[in-house]
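Asker: Let me give you the structure first, and then I'll get to my questions.
Nothing in this text is a laboratory measurement; each read-out follows from the coordinates by a stated rule. In this text, all values refer to a predicted model and were calculated from it rather than measured experimentally. Virtual Cβ from ideal backbone geometry, glycine too; neighbours counted across all protein chains shown.
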């Protein structure tokens, strides 16, 4: 199998995309999804978050929930809300958000290349989240949430994708503040050219969707043999068009220190500058910090920033090694309940709000991880710290799904 291949997408019927498109399953709580889907019987949330159609106290990982997902997907197909293409195709997917445009290719990617690390990872996964996606795929017999990939510099591919967007889009929906457009590539020569161009690349990089890709690999291993289950649903964008926002931190206490003593300890490692306004760090060695209702800019001396270590120079690693571990005593953020993660899309005001509530003692605003550093970590077979990246804009669920024949 080539690195990417066309597939027969299950997608909204003409004129139905606005009814179908939904946020990714993993950015909403069950309560938020229930609210978003109210009065929207064809929202894809009924497939990706099917617990919203059951009792409010139901276990979202119960067999009943996955059965409901299958029932809802079948209903959308039976009612003609979703239709499947009759031949394999590629789909050019464009996202426009706050003046930013990124254009990628919806395709299925080789799980064999995923296994050999030609499709490269940078995060660990958690068993419960993997198990959830495996159960979802098996229940609906489809991959319904695309994995976001990045491809390295390839102007020829950029040009091919741009050329595919000259005609009328099959989907053109702005929701909620992101414009989602989809063009169908059904010309045999264009399909062959795209397949060859991507197959010539040395690697692709998982940006968002490690649990979905890992789950797809588990399903393929369990099923064995040949079939469409040996590929997984992806949308691949050029690395230079992707936007990473910060993934910020809040910590529940100061590890027994008073605010004054904590600031003194921080000052031994960082230059500390008080600020009358929220601090958005301007470089990887800078951190915005709010404690005791006061903002500060922390600046780590450049001599403490490693240049030859792709993980060591990440903004979150610099903060962790110089403050979170030695001063706050948090060594495993995956399991320590004293720390929480706040996506950069929520803004600096969310950090102020968390600290002002009294539930959290200190918040840290980080400089965003750079795409080049993410790729360098993946090339080195490294694993980034948890919650290192927050990609915006997000892909919508329901634009394309990959049925497992």
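Asker: Pairing the Cα long axis of helix 63-78 with the longest principal axis of the chain, what angle in degrees results, from 0 to 90 and rounded to the nearest 10?
Answerer: Roughly 50 degrees, rounded to the nearest 10.
Asker: How large is the Kirkwood hydrodynamic radius of the stretch 77-229, counting all unique pairs of alpha carbons, in Å? Intermediate results must be reported in sequence, preceding the final value.
Answerer: On the way: mean 1/r = 0.0583 Å⁻¹.
Computed over the stretch 77-229, the radius equals 17.2 Å.
Asker: What's the angle, to the nearest 10 degrees (0 to 90), between helix 188-199's Cα axis and the longest principal axis of the chain?
Answerer: For 188-199 against the chain, the angle is about 30 degrees.
Asker: Right, next: Can you give the relative contact order of the chain as a percent, counting alpha carbon pairs under 8 Å and 6+ residues apart?
Answerer: Worked out over the chain, it gives 24 percent.
Asker: I'd like the Kirkwood hydrodynamic radius of the chain, using the inverse of the mean 1/r over distinct C-alpha pairs, in Å.
Answerer: Computed over Cα pairs of the chain, the Kirkwood hydrodynamic radius comes out at 22.5 Å.
Asker: Enter the angle in degrees (range 0 to 90, nearest 10) between the Cα long axis of helix 210-223 and the first principal axis of the Cα atoms of the chain, meaning the one along which they spread out most.
Answerer: Rounded to the nearest ten degrees, it is 40.
Asker: Between residue 163 and residue 269, what is the FRET efficiency for a Förster distance of 45 Å, r being their Cβ-Cβ separation, to the nearest 0.05?
Answerer: Computed FRET efficiency for residue 163 and residue 269 comes out at 0.30.
Asker: Then there is this: Pick from 331, 165, 236: which residue has the top mean-square fluctuation in a GNM of the chain where Cα pairs under 10 Å get a spring?
Answerer: 331
Asker: Any idea what % of Cα-Cα pairs in the stretch 247-367 are farther than 18 Å?
Answerer: Cα-Cα pairs of the stretch 247-367 separated by over 18 Å account for 47 percent.
Asker: Moving on. Is any residue of the stretch 365-394 close enough, with backbone N under 15 Å, to a label point placed 7 angstrom from the Cα of residue 117 along the Cα-Cβ axis, and if so, which?
Answerer: 375-384
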